[in-house]
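First up is the structure itself, then whatever we jot down about it.
Readers should treat all values here as calculations from the given coordinates under stated rules, not as data from a laboratory. Computed from a prediction, not measured in an experiment: that's the story for all the values here. We place every Cβ from the backbone using ideal geometry, glycine too, and count neighbours over all the protein chains shown.
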Amino acid sequence: MSTVAAEIPTTMQAWQVVQPGPVETTTPVEFVQLPVPTPAAGEILVRVLACGVCRTDLHVSEGDLPVHRDHVTPGHEVVGAVAALGDGVTGFELGDRVGVAWLRHTCGQCKYCLSGDENLCPNSRYTGWDAPGGYAEYTTVPAAFAYALPDGYSDIELAPLLCAGIIGYRSLKRAALPEGGVLGIYGFGGSAHLTAQVALAQGARVHVLTRDEQSRQLALDLGCASAAGAYDAPPEPLDSAILFAPVGDLVPVAMRALDRGGTLACAGIYLSDIPELHYEADLFYEKQLRSVTSNTRGDAREFLAFAGAHHLDVDAHPYALADGLQALRDLKAGAFAGAAVLVPDH
């Protein structure tokens, strides 16, 4: 039998992607009234308290990513309270604060899942792309993919941790930063400003390369060693680098900035075309170029535990849920240095 809180309404407000297109010139998303979903067996109904606005939501809304579900509700950085438990759910109680992130389903049976690389599962599905997400007053999540959240953060501060933080953590692992090494970060928004703090806490020296002056100042305020323009050379060779900006032109720039044996990890789910790479200038001396594909649940739990043990300063900018389109427009325009967070008016 499912367990349900008595006060759940029958309808809710939510955003849906109706016609993907540029957010600054079209209206790809609509604010609509929808039925509150019912959790299936093994799922949790979550009353959304806050939902971060991720650049992936922008890619879904603008059509950079192919449509996986018509009229999908975006959003996969969800902090919420358990409102109902589907049949068979254990380990959660009504009212528990939980996190809902990007990865929603893996098969558990393919060679990738069985080897611990569930982020590569061909049957993986994602919140806010394959299933309705958190730009809404309620959403559902399979209990096996819901996360306990660390203390010491507000709902608004926690939301960006659930993708920006997790994928940044995964990217830092993929960048193979040596102990006490030098890290370059290209682009400095919601994910990068959290990743920089993780690297600093681990003893790295961090150089930020980004176009936005406001973001450069935030980087310096957080303790980064330098902050310059995206196409500038860092003040010293980099052991590792992470590309957060979805700009393929920056790949050869970052590769040239690497020291011998260095690694560049491209963090985004979308990247514009990479220009021609020159073997001697860009790849020789055993430099590595790596992509990042989602994350495992292990990555998420490791990062959230790290965030609980090392308090991170989250630069969060709250928006009312009804202002979701404006938040996407502001994200694209670079109107803020950190992360936007939608807050429903329950």
field: Net charge of Cβ neighbours under 14 Å - reference LEU49; Lys, Arg +1; Asp, Glu -1
entry: -4
Local net charge near LEU194, Cβ-Cβ under 13 Å (Lys/Arg +1, Asp/Glu -1): -3
statement: Net charge (Lys, Arg +1; Asp, Glu -1) of residues whose beta-carbon lies under 9 Å from that of PRO237, PRO237 excluded, is -2
query: Of the chain, which part is the longest with no GluC sites (Glu not before Pro) in a loop (DSSP not H, G, I, E, B) and with at most 15 other C-beta atoms within 10 angstrom?
result: 180-275
message: Once R0 is set to 22 Å, what does the formula 1/(1 + (r/R0)^6) return for the Cβ-Cβ distance between LYS332 and ALA176, expressed as a FRET efficiency to the nearest 0.05?
response: 0.10
query: For segment 166-291, what is the charge dipole size about the Cα centre, in debye to the nearest 20, if Lys and Arg each add +1 at the Cβ and Asp and Glu each add -1 at the Cβ?
result: 380 debye
message: Full-extension gain between ALA320 and ALA281, please, as 0.36 nm times their residue separation minus the C-alpha to C-alpha distance.
response: 9.2 nm
- request: At 0.36 nm per residue, minus the direct Cα-Cα distance, what do HIS311 and ARG97 gain on full extension? Give it in nm, one decimal, please.
  value: 75.2 nm
message: Just want the answer: with Cβ charges of +1 for Lys and Arg and -1 for Asp and Glu, which residue in ALA305, GLY268, GLN288 is farthest toward the dipole's positive end in the chain?
response: GLN288
- prompt: Okay, which of segment 192-233 sit inside 11 Å, backbone N to the point 7 Å along the Cα-Cβ direction of ARG256?
  reply: 231-233
- prompt: Once Rg and Dmax of the Cα atoms in Å is worked out from the coordinates, which option in (i) 19.3, 58; (ii) 19.8, 66; (iii) 48.3, 199 does it equal?
  reply: (ii)
Cα centre as origin, Lys/Arg/Asp/Glu Cβ charges: segment 256-346 dipole, Debye: 160 debye
task: Between LEU220 and GLU24, with labels modelled 7 Å along Cα→Cβ, what's the label distance in nm to one decimal, could you check?
output: 2.7 nm
message: Could you tell me the ratio Rg/Rh of segment 157-218? Both radii from Cα atoms, Rh via Kirkwood.
response: 0.95
statement: Note on the chain: contact order normalised by length, alpha-carbon pairs under 8 Å, 6 or more apart, percent, works out to 18 percent
field: Among 266-274, 337-345, the order from most to least packed when residues are scored by Cβ within 10 Å on average
entry: 337-345, 266-274
Global geometry of segment 187-346, whether rounded, prolate or oblate, following the gyration tensor of its Cα atoms and the 1.5 cut on a/c: prolate
query: Between LEU114 and GLN33, how many nm apart are label points set 7 Å from Cα along the C-beta direction?
result: 5.1 nm
query: Which chymotrypsin sites (Phe, Trp or Tyr not before Pro) in segment 275-314 pass both tests, a DSSP loop state and at most 13 other beta-carbon atoms within 10 Å?
result: PHE284, TYR285
query: Calculated FRET efficiency, THR90 and ALA201, Cβ-Cβ r, R0 41 Å, to nearest 0.05?
result: 0.75
statement: Straight-line reach check, LYS287, cutoff 17 Å on alpha carbons, 8 or more apart in-chain or any other chain, hits among lysines -> LYS173
message: Residues of segment 120-153 with backbone nitrogen within less than 20 Å of a virtual label 7 Å along the Cα-to-Cβ line of CYS107, please, listed as ranges.
response: 120-127, 130-131, 142, 144-145
- prompt: For the pair TYR270 and HIS68, how long in nm is the line joining their label points, each one 7 Å along Cα→Cβ?
  reply: 1.4 nm
task: Let me know the charge dipole size of the chain about its Cα centre in debye, to the nearest 20, where only the beta-carbon of Lys, Arg (+1) and Asp, Glu (-1) is charged.
output: 580 debye
